[in-house]
Structure formats: structure tokens, C-alpha cells
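Trainee: Please find one structure pasted underneath; my questions will follow.
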Amino acid sequence: MSEGFRLDRRRIVALAGIVVALALFGIVSSQVPGDQISTLRITYANARPVDPPLADIPLPTVATVGVVALLLIAGALYIMRGTGRDLTSIYAGVLIFATIFVILIWAISGSRTDIVDMLARMVRLATPIALGALAGILCERSGIINIAIEGLMLTGACVGFIAALLSGNSWIGMLIAILGGGTIVMVHAILSIRFKIDQIISGTVINILAVGVTGYLRANVILPLTSAGATGSTLAAIPIPLLSSIPVLGPIFFNHRPVTYLMLILIPLMHLLLFRTAWGLRTRAIGEHPRAADTMGINVIGLRYLNVFFAGMMAGLAGAWFSLEASFNFDDVMTNGRGFIALAAMIFGKWTPFGALGGALIFSSADALQIKIQGFDFALPPQFLQMLPYVITIIVLAGIIGRPRPPAAIGKPYEK
Amino acid sequence: MTTKPESPPRPGIDWRGLATSLLVSLLAIFSALVIGAGVILVTSGSASPNRSPGVCDAVGEIQSVYVLCKAYGGLFVGALGNPRAIANTLVEATPYILAGLAVALGFKCGLFNIGAEGQIIMGSMAAAVAGAMFVGLPMIIHLPLALLAGVLSGALWGAVPGFLRARTGAHEVITTIMLNYIAIRLIDYLIKGPFRDTSSSAPRTAFVAEEARLPFLFGPDYRLHAGFLIALIMAFVIWWLLNKTTIGFEIRTVGANPDAAQYAGMSITRNFVLAMAISGGLAGLAGASTVLGLEHNYKAAFTGGYGFDSIAIALLASSNPIGIIPAAMFWGALRNGAGLMQLESGISINLINIIQALVIIFVAADQIVRWIYRLPARRGTQTTLTRGWGG
């Protein structure tokens with residue numbers, strides 16, 4: 001892309017920021033009376049609803065939205081000047097968060113909401129997206145496009161649920177979900193590495209196969225099992241002693257269920273492995289320049305198989321979140337596009353684990369917002385809020401937030 | 001002096017290539033049905049309540065084979081057993097022909113439109129609304145108007161990913177899927193909100209006017225409607241467009257080699273947007289023909305899996321517009337027979353989805369089929385869809 005496009009992108013984002021800021025302020029100030037207060041409540045860790053809150057932050061709705069809008073416009077003008085570091089990407093991320101914050105403030109005007117609960121929910125809902133993004137990073141850093149994460153998650157969710165039903169133990173279910181993802185992804189690995197099939201097609205094949213297989217298994221295995229009385233329970237929450245009782249931080253980070261903890265551990269772990277170990281260096285090498293890596297004695301094909309297998313297991317774990325952690329249940333196509341959103345989070349995070357977590361949190365904040373304001377009397381139809389994660393995905397892919405620079409050898413089969 | 005320059009030999013139809021790709025398609029279907037049979041044999045035991053799973057006794061074996069015969073027998077009879085079944089197969093095939101053409105046309109331009117579902121949804125909605133509004137128009141105006149509304153709405157839904165792909169590199173595989181989800185939410189809102197038929201308890205649009213309905217071809221006893229004829233005509237129109245017009249030539253050139261096309265002065269953006277708009281328009285027509293010919297109103301979530309099915313059909317037909325017709329009819333037969341299969345054998349309709357995915361694997365990965373059945377490897381190059389995410 002040329003230098004001219006970069007300048008354009010900067011202006012487009014800045015203009016979008018100004019338009020969004022004005023639109024938000026215009027709509028909110030016309031819909032909400034000026035004297036309405038939105039209260040953000042901060043609760044103690046493990047507090048019951050009747051307990052007194054740690055703090056209540058009263059925010060005058062219209063004035064707060066006005067301040068946010070002014071800040072956004074100021075930021076846009078700064079971006080527009082275009083001197084110094086290019087902050088466009090950060091600004092775009094802030095813009096999305098600000099929009100979600102304004103919608104929250106607007107929806108709860110005249111009432112209050114528990115902001116700590118909202119943040120904890122964001123971390124929870126980010127789990128499958130972040131894990132899926134990690135799976136994507138593993139594959140793409142090795143030079144394999146993996147569009148099949150959606151299908152892998154769905155398969156993991158399904159087989160994990162069946163295993164949990166049969167064994168009565170959700171931990172075994174989680175293990176089987178991980179192995180299930182690892183097994184199915186080998187179809188993608190063999191098709192794209194051994195048979196050198198277009199990786200987009202072979203990924204799509206897995207997505208379609210997953211819908212068929214899981215639908216069949218649900219009708220012919222899960223429903224007979226549950227109607228015969230097989231039951232189980234979700235993976236239980238494990239509050240970490242002491243840490244979980246810290247106000248604010250405790251509920252957000254230290255009072256979760258197993259898959260969410262695994263995600264929180266895997267993000268820094270993957271960062272270390274990818275950027276601080278020989279394996280990480282080799283993985284990045286076969287994704288950028290496989291021939292050079294081969295010359296250096298790295299087994300390109302073997303390492304690609306291995307990394308795709310790990311990625312499949314990670315996506316399987318993300319699947320376990322759906323059927324064993326968020327609820328003990330399996331529904332047809334229950335992953336609802338989260339696998340594709342994970343790819344957008346990966347791109348947003350520029351193929352780094354921490355960046356992917358940031359991307360995942362943007363998407364999960366849209367999800368959390370939508371859940372949080374259910375039940376409030378709110379002018380915006382819920383369907384439009386449900387669209388938000390998908391719209392953000394398209395915006396991310398369109399490169400408005402940061403220019404993507406994927407690993408160079410991505411999607412190309414390696415010929416010795 | 002006036003020696004006529006020797007014109008290069010016109011590229012004739014590569015009959016041999018056509019024959020082998022037909023053979024590959026048939027073998028792919030055959031292999032998928034065989035594996036599907038394996039799935040039935042393995043799972044039918046555990047599905048039947050009077051048999052403990054894992055016990056391998058003679059009675060169980062015979063029972064499994066019996067279930068298998070019942071399943072595939074039911075599939076066949078349900079699809080082609082009597083005139084009404086055949087008519088229903090053709091009815092089922094109608095949207096498949098149009099949606100298959102949509103995906104095939106995308107392939108020709110090097111674009112993978114896996115969002116036919118969303119384009120069908122948008123087309124259905126627009127046709128239903130246009131068909132129910134403007135009451136009092138004569139049929140000769142109202143019916144084309146409603147069809148056109150469906151086409152335009154689908155075309156718009158398709159053109160957006162085409163534009164994004166050309167200008168920003170956002171891969172259409174993800175943007176079209178995302179637009180599917182957005183379309184579903186949007187329709188949910190429209191059907192429950194502005195376009196809801198208030199006289200009905202379930203959320204749906206109002207019935208389309210008589211003048212906007214596609215007539216039945218053989219009377220109301222057979223559900224076969226004029227949309228089937230439109231689909232057949234469109235297959236020939238798309239064949240003509242791709243092979244006999246400049247537009248088609250540009251689309252195919254951009255698909256085969258975008259760099260060369262750009263060098264030759266063709267606009268990538270224009271062709272991507274145009275191809276995706278035509279593709280989306282075809283999908284929109286698929287939705288419109290179903291609404292105007294069959295359902296006569298639009299309820300939430302009445303398309304199911306058309307997007308993925310149409311990929312299978314386009315691959316089966318090697319993206320040949322004329323080949324789409326038999327491929328779509330095969331698909332219509334599978335879908336139409338599935339109901340009786342489930343009734344007769346208790347095997348879930350989802351088996352069809354598995355068979356479908358296997359067919360796609362075997363056709364897309366035709367090296368596997370050629371390898372299993374010892375066919376010669378394909379000459380020429382495959383369309384490349386993988387071009388990274390951006391830039």
C-alpha cells in the first residue's frame with residue numbers, strides 16, 4: 001500500500017471519530033432528559049446483592065456523553081494533524097470502547113449497573129475469542145491460514161459435551177474437547193500440507209463438516225443420552241484464595257472457571273514461547289521464509305503439522321468453554337461465528353498474543369454490553385446491539401484499525 | 001502481399017477435461033455416499049434403544065444393514081419415487097441453481113462468496129416487502145418489480161464485501177460470513193418491527209399480492225413454480241455472460257491473474273464489485289423466487305444452509321454454469337429425499353450435511369479422488385483464493 005493510502009486512513013479514522021462523537025452526543029442528548037443520572041456501582045468481591053457497595057459513581061448522563069464526545073473530537077483533531085507517532089490504531093480501538101461505554105451510560109440512565117460485573121463478564125466472554133485467536137496465531141505464524149477455527153470450536157464443544165455426559169465428569173469432557181479439536185484439525189493439516197489444497201477451501205470444508213457432524217451427533221447421540229437421563233454440570237468456578245477477595249481486581253481476574261484461567265495463562269505463555277524460545281523462532285521462520293528455515297535445518301513440514309495440531313487443541317479448548325463452562329449444553333451452531341471473530345481479533349492484535357487478547361476484549365465488551373443492558377428500557381432495538389461484534393469484525397478486517405501485515409509465507413504450500 | 005495472418009486455433013471445448021471432471025464429481029458423490037453408509041452402520045446401533053452400544057452381535061449387524069437400506073431407500077423414493085416427489089425435487093433445486101450460480105460466478109473472478117445465505121435472506125425480505133406493498137399493480141409490472149427488489153437487495157449485500165476486498169483487502173470469506181449474521185439480526189428486527197404483519201400472531205411479513213406471485217407450472221397440486229424456469233434461463237444467461245461478453249472476459253481474467261488483468265488496464269475494484277454484485281444478485285433472486293413462488297411471505301430463518309450447499313454445488317459443477325443445473329438437481333434430490341429417509345430409518349437429516357461436506361472435500365481436494373481411483377492428475381492451475389488478509 002502506498003504512502004497516500006496511509007494518510008487517507010488517518011483522515012478517514014479521524015473523520016469517523018468526529019462523526020461518531022457528534023452522532024452519539026446528538027442522539028443521547030435528544031433522547032435523555034438533561035437531569036438524568038447514570039450510576040456505576042463498584043461492589044466488593046463476592047458481595048451479595050443486598051450488601052452495601054464499595055462505591056457508587058453518579059454520572060450525569062448527557063454531560064458525561066458530552067465530555068466523552070469532546071475527548072473523541074480532540075483526539076480526532078490530534079490524529080488529523082498527523083505529526084509524530086501514528087496513533088490511528090490506538091485511537092480506533094479507543095473509539096470502539098468509547099462507543100460501547102456511551103451506549104452503556106445511555107441505557108442505564110436513571111438507573112445503575114455493576115461495572116465490576118461488566119468487566120468480569122468481558123474477561124469471561126473474551127475467553128473463546130482469545131483462545132481461537134491464539135490458535136490462529138499458531139497456525140498463521142507457521143504459514144498456514146486456518147479459517148476452520150469456527151468448525152474446530154464447534155467440534156470441540158460437541159465431543160467434549162458427549163464425553164462429559166458419558167463420564168459424568170466435565171474435566172474429562174474438557175480433555176476430550178481439546179483432543180477432538182486436535183484430531184479434526186489434522187484434516188485441515190493433511191489437506192493443506194500433504195495435498196496442497198487451497199487453505200481457504202480446506203478450512204471451509206472443516207467448517208461445513210463440523211456443522212454436519214455435530215448436528216448429526218446431537219440428534220443421534222446427545223439427545224438419546226439426555227433423554228435416557230444422562231446429566232452433568234458445568235466446570236465449577238475456582239476463586240483463588242486471597243487474590244479473589246481483592247476489590248475490583250479479584251472478581252475481574254481471580255474468580256473464574258477453568259477455561260478462562262487457562263486462557264489467562266496461555267496468553268503470556270504463548271508470548272514467551274513465541275518470542276523467547278527456539279521453538280518460537282523456528283515457528284516464525286517457517287511462516288516468514290520457509291525455504292531459508294529449511295536451509296537452516298528446520299523441518300518445515302513437521303513443524304507445521306505440530307503447530308497446526310496445537311492450534312486445533314487450543315480451538316477445541318475454546319469449544320469446551322461453550323458447552324462445558326458457559327453452560328452445560330450443546331446446541332446446533334452454538335459458536336455463532338466466534339471462530340471468525342477470533343480471526344479478526346488475531347488480525348487486530350497484529351498476530352501477537354497480547355494484541356489478540358486486546359482484540360478479544362473489544363468484541364467481548366460488545367457482547368457484555370448487550371447482556372448487561374437487557375432488561376433496561378432502551379430505545380435501540382436489541383438486534384442492533386447483537387450486530388455490533390460482527391460489524392466491528394468487518395471494520396477490523398477492512399484495515400481501518402491498523403494495517404495488517406501477516407506472516408509472509410501464509411497460505412502458500414511449501415514445496416521442497 | 002495480402003497473406004492472411006494465420007489466426008490462432010480457437011480454443012475448442014476440452015471434452016477430455018470435461019469428462020474427467022465429470023467423472024471426479026460422480027466418484028466424489030459415490031465416495032461420500034459410501035462413507036455416509038459407514039456412518040449409518042456405526043451409529044445406527046447406538047441410536048436404536050433396544051440394543052446396547054458396543055455389542056457386536058449378528059442381530060445388530062443385520063439390523064444396521066437394514067437401517068442402511070431403509071435410509072438410502074427412503075432417500076431415493078423421497079426424491080424421485082413419484083411425479084410429486086420429482087416435482088418437489090425440482091422445487092428444491094430452484095434456489096440451489098441460482099445460489100450455485102452465485103458461488104460459481106464468484107469463483108470465476110477469484111472470489112469465494114460463502115455469504116450466499118445472507119444475500120438470499122436479504123433478497124427474500126426485499127421481495128416479500130415489495131410483493132406485499134404496491135397492491136393494485138398489474139402482474140406484468142408487480143412481479144418483475146418484486147423480483148428486481150430481491151435481486152438488487154442481494155446485489156447490494158454482495159457488492160459490499162467485493163468493494164472491501166478490492167479496496168482494503170478484507171477477505172470476503174470472513175466479511176460475507178459476518179454479513180450473514182448481520183442480515184439475520186436485521187431481518188429479525190424488520191420482521192418483528194416495521195414489516196410485521198400485525199394480523200398474524202407469529203412474526204412474519206404480510207402475504208405478497210396475487211399479482212406478485214410466480215405462477216405454478218402444473219397447477220397447485222404440484223408445487224413447481226415458474227422460478228424453476230427463471231433459474232434455468234439464468235444458468236444460460238450466466239454462461240453467455242461469462243463466455244461471450246467482454247464483462248465475462250474481464251471477470252475471468254481478473255480471476256485467473258489479477259496482476260496481468262491490471263497490467264492490461266482492467267480495474268480490479270470494478271470487476272470485484274461487479275462480480276460480487278452479480279453473485280449477490282443471483283443469490284437474492286434465489287430468495288425472491290422462493291418467497292414469490294412458494295412461501296408467499298417471509299418468516300424468520302426460513303433459509304437454512306443454502307450458503308454452504310451452494311458452495312458444494314459450485315464445486316461439483318467445476319463452476320460451469322450449465323453444470324450447475326444437474327449438480328443443483330442432485331442436491332435438491334438429496335434435500336427432498338432426506339425427510340422420508342429420516343421418517344423411514346430414524347437417521348437424522350444431518351447425515352445429508354455430512355455427505356455434503358464429504359462431497360466438498362472430495363471435489364475440492366480432487367487429488368484425493370484421483371489418488372484413490374487412480375485417475376490422471378489434473379492439468380492446469382487451480383483458482384487461488386488464499387491471498388492473505390490484507391494489502
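Trainee: By the scheme Lys and Arg +1, Asp and Glu -1, what is the net charge of all other residues having a beta-carbon under 15 Å from that of A:Pro251?
Mentor: Here the count lands on +3.
Trainee: Right, next: What distance in nm separates the simple spin-label points at B:Val34 and A:Asp377, each placed 7 Å from Cα in the Cβ direction?
Mentor: 6.7
Trainee: Rounded to the nearest 0.05, what FRET efficiency is calculated for A:Trp171 and A:Ala63 with R0 set to 51 Å and r the Cβ-Cβ distance?
Mentor: Plugging the Cβ-Cβ distance into 1/(1 + (r/R0)^6) gives 0.55.
Trainee: Could you state the principal axis extents of the C-alpha atoms in the range B:90-213, from the largest down, to the nearest angstrom?
Mentor: Rounded to whole Å, the extents work out to 45, 30, 27 Å.
Trainee: Among the listed pairs A:Lys416/B:Lys244; B:Lys108/B:Lys299; A:Lys196/B:Lys108, which have their C-alpha atoms separated by more than 29 angstrom in this model?
Mentor: In this structure, A:Lys416/B:Lys244; B:Lys108/B:Lys299 lie more than 29 Å apart at Cα.
Trainee: Could you pull out every residue, at least 5 positions away or on a different chain, whose amide H is within less than 5 Å of the one on B:Ala209? Hs are placed 1.01 Å off N in the peptide plane, and Pro or chain starts have none.
Mentor: Sorted by chain and number, the residues that satisfy this are B:Ala132.
Trainee: Can I ask one more? Between beta-carbons, use under 14 Å as the cut-off and find the net charge around A:Ile208, counting Lys and Arg +1, Asp and Glu -1.
Mentor: After counting each charged neighbour, the total is -4.
Trainee: Then there's this: What ranking, highest mean first, results for peptides A:364-370, A:153-159 when packing means the other Cβ atoms within 10 Å averaged over each residue?
Mentor: The packing order, highest mean first, is A:153-159, A:364-370.
Trainee: When the convex hull of the Cα atoms of the protein assembly as shown is projected onto a plane and the area is averaged over all directions, what value comes out in nm²?
Mentor: Reported value for the Cα convex hull: 42.3 nm².
Trainee: What order do you get for B:176-182, A:241-247 when each peptide is scored by the mean count of other beta carbon atoms within 10 Å, highest first?
Mentor: Listed from highest to lowest mean packing, they are B:176-182, A:241-247.
Trainee: How large is the convex hull of the Cα atoms of the range A:187-245 per residue, expressed in Å³ as a whole number?
Mentor: Dividing the Cα hull volume of the range A:187-245 by its residue count gives 168 Å³.
Trainee: Let me ask something else. Output the direction-averaged projected area (hull surface divided by four) of the convex hull of the alpha-carbon atoms of the range B:250-326, in nm².
Mentor: Its average projected convex-hull area is 6.4 nm².
Trainee: Round to the nearest 0.05 the FRET efficiency obtained for B:Leu375 and B:Trp240 when R0 = 35 Å and r is the Cβ-Cβ distance.
Mentor: For B:Leu375 and B:Trp240, the calculated efficiency is 0.65.
Trainee: Related question: State the percentage of accessible surface on chain B attributable to carbon and sulfur atoms; use a 1.4 Å probe and exclude ligands, DNA and RNA.
Mentor: Accessible surface attributable to carbon and sulfur in chain B totals 67 percent.
Trainee: In whole Å, largest first, what are the principal axis extents of the Cα atoms in the range A:353-414?
Mentor: Principal extents (largest minus smallest coordinate, Cα): 55, 21, 21 Å.
Trainee: Now, a different point. Rounded, prolate or oblate: pick one for the range A:309-390, where a ≥ b ≥ c are the square roots of the eigenvalues of its C-alpha gyration tensor, a/c under 1.5 means rounded, and failing that, prolate if a/b is larger than b/c, else oblate.
Mentor: Verdict is oblate for the range A:309-390.
Trainee: Tell me: how much accessible area in total is hidden between B and A, 1.4 Å probe, Å², nearest 100?
Mentor: 4400
Trainee: Still on this model: Would you list the P(r) distribution for the range B:161-294, with all Cα-Cα distances sorted into 5 Å bins from 0 and each bin expressed as a whole %?
Mentor: 2, 9, 12, 15, 14, 15, 13, 9, 6, 3, 1, 0
Trainee: Follow-up question, since we're still on this one. Hey, what's the range A:134-279 come to in accessible area per residue, 1.4 Å probe, Å²?
Mentor: That works out to 34 Å² for each residue.
Trainee: Run lengths n ≥ 4 of DSSP H only: what is the helix-derived mean residue ellipticity at 222 nm for chain B, with -39500 (n - 2.57) per run over all residues, to the nearest 500?
Mentor: Calculated from helices alone, the mean residue ellipticity at 222 nm is -23000 deg cm²/dmol.
Trainee: Which whole-Hz ³J(HN,Hα) couplings does the range A:98-103 yield from phi under the Karplus relation 6.51 cos²θ - 1.76 cosθ + 1.60, θ = phi - 60°, glycine and proline marked x?
Mentor: Going residue by residue, I get 4, 4, 5, 4, 5, 4 Hz, with x marking Gly and Pro.
Trainee: Using a 10 angstrom cutoff on alpha carbons, build the Gaussian network for chain B and name the most mobile of B:Ala328, B:Ala212, B:Ala19.
Mentor: Its mean-square fluctuation being the largest, the pick is B:Ala19.
Trainee: Residues of the range A:180-229 losing 40 Å² or more of accessible area relative to the isolated chain, 1.4 Å probe, heavy atoms only?
Mentor: A:Phe195, A:Ile197, A:Asp198, A:Ile200, A:Ile201, A:Thr204, A:Val205, A:Ile208, A:Leu209, A:Gly212, A:Tyr216, A:Asn220
Trainee: Would you mind putting A:128-140, B:271-283, A:333-345, A:13-25 in packing order, based on average other-beta-carbon counts within 10 Å, highest first?
Mentor: Per-residue Cβ counts within 10 Å, averaged per peptide and sorted highest first, yield A:128-140, B:271-283, A:333-345, A:13-25.
Trainee: For a quick check: with amide H placed at 1.01 Å from N, whose amide H comes under 5 Å from A:His256's, ignoring anything fewer than 5 positions away on the same chain?
Mentor: Excluding prolines and chain starts, which carry no amide H, the hits are A:Ile238, A:Ile240.
Trainee: Within a 10 angstrom radius of each residue's Cβ in B:108-119, how many Cβ atoms of other chains show up on average? Whole number is fine.
Mentor: Taking the mean over all residues of the peptide, I get 1.
Trainee: Provide the per residue accessible area, probe 1.4 Å, for the range A:62-111, rounded to a whole number of square angstrom.
Mentor: For the range A:62-111, the solvent-accessible area averages 43 Å² per residue.
Trainee: Per the helix-only calculation at 222 nm, which mean residue ellipticity applies to chain A, given -39500 (n - 2.57) for every DSSP H run of n ≥ 4 and division by its residues, nearest 500 deg cm²/dmol?
Mentor: -21500 deg cm²/dmol
Trainee: Taking K and R as +1 and D and E as -1, what net charge do the other residues with C-beta under 11 Å from the C-beta of B:Gly131 add up to?
Mentor: With Lys, Arg at +1 and Asp, Glu at -1, the neighbours total -2.
Trainee: Quantify, in whole percent, the carbon and sulfur part of the accessible surface of chain A (1.4 Å probe; protein heavy atoms only).
Mentor: Heavy-atom surface of chain A belonging to carbon and sulfur, 1.4 Å probe: 67 percent.
Trainee: What fraction of the DSSP beta bridges in the protein assembly as shown is antiparallel, stated in percent and rounded to the nearest 5?
Mentor: Rounded to the nearest five, the antiparallel share is 75 percent.
Trainee: How big is D for the range A:47-113, in µm² s⁻¹ as a whole number, if Stokes-Einstein is applied with the Kirkwood radius of its Cα pairs at 25 °C and 0.890 mPa s?
Mentor: It diffuses with D of about 174 µm²/s by this estimate.
Trainee: If one puts a single equal scatterer on every Cα of chain A and applies the Debye formula without solvent, what log₁₀ I(q)/I(0) results at q = 0.07 Å⁻¹?
Mentor: -0.37
Trainee: Let me ask something additional. List residues of the range A:251-288, by number, whose backbone nitrogen lies under 19 Å from a label position 7 Å along Cα→C-beta of A:Leu306.
Mentor: Residues A:269-288 fall inside that zone.
Trainee: Whole-Hz Karplus ³J(HN,Hα) for the range A:228-236, in order, using 6.51 cos²θ - 1.76 cosθ + 1.60 and θ = phi - 60°, x for Gly and Pro?
Mentor: 7, x, 6, 9, x, 9, 5, 4, 6
Trainee: What's the Cα-based Rg to Rh of the range A:158-208, Rh via Kirkwood?
Mentor: Reported Rg/Rh (Cα atoms, Kirkwood Rh): 1.16.
Trainee: Quick one: among B:Phe308, B:Phe228, B:Phe218, which has the greatest mean-square fluctuation in a GNM of chain B with alpha-carbon springs under 10 angstrom?
Mentor: B:Phe218
Trainee: Now for a separate question. Check A:Leu59: other-chain or 5+ apart residues with amide H under 5 Å from its amide H, H built from backbone geometry?
Mentor: Counting only residues 5 or more places away or on other chains, the set is A:Ser38, A:Thr39, A:Leu40.
Trainee: Calculate the length of the line joining the C-alpha centroid of the range A:355-392 to that of the range B:143-205, in whole Å.
Mentor: 20
Trainee: Something else: What residue among A:Ala292, A:Ala177, A:Ala318 shows peak mean-square fluctuation when chain A is described by a Gaussian network model with Cα springs under 10 Å?
Mentor: A:Ala292
Trainee: Give the span of chain B's Cα atoms along each principal axis, as three whole-Å numbers ordered largest to smallest.
Mentor: Result, largest extent first: 84, 62, 42 Å.
Trainee: When only Cα pairs under 8 Å and 6 or more residues apart are kept, what is the percent relative contact order across chain B?
Mentor: 32
Trainee: Could you work out the mean count of beta carbons from other protein chains within 10 Å of each residue's beta carbon in B:346-352?
Mentor: 5
The values are calculated or read from the model by the stated rules, or taken from the named source; none is laboratory data. What you are looking at is a predicted structure, and each value in this text was computed from that prediction instead of being measured. Every residue, glycine among them, receives a Cβ derived from its backbone with ideal geometry; neighbour counts consider all protein chains shown. Accessible surface is based on the protein model in full, side chains and every heavy atom, while ligands, DNA and RNA are left aside. Shrake-Rupley method; radii C 1.70, N 1.55, O 1.52, S 1.80 Å.
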